[in-house]
């Protein structure tokens, strides 16, 4: 059972990272939708950096997102080791 838990925790981390980085689907299908109703974090970073021409702000948001994803992954792996 413990071996399956390790695979499950890895799957959980990868799924969490992919959910934050969902960009192509939103860009291709709706481009943010009416009044930005379908924006995700990654699309908002793209929109800020390349559509509003705020490159520094978009870069800073990308770095914060990378740190957040790294911390969240570390917490998930730490929680998986405790069991």
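The values are calculated or read from the model by the stated rules, or taken from the named source; none is laboratory data. Just so it is clear, the model here is predicted, and its values are computed rather than measured. Neighbour counts run over all protein chains shown; Cβ positions are idealised from the backbone, glycine included.
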Report summary line: Subset of the stretch 30-83, residues modelled with pLDDT of 90 or more and on the phi > 0 side of the Ramachandran plot, comes to 53
Report summary line: Residues of the stretch 16-43 being surrounded by fewer than 17 Cβ atoms within 10 Å (Cβ to Cβ), assigned to a helix (DSSP H, G or I) and free of Cβ contacts under 8 Å to residues at least 24 places away in the same chain, in sequence order, are 18, 19, 24, 25, 27, 28, 29, 34, 35, 36
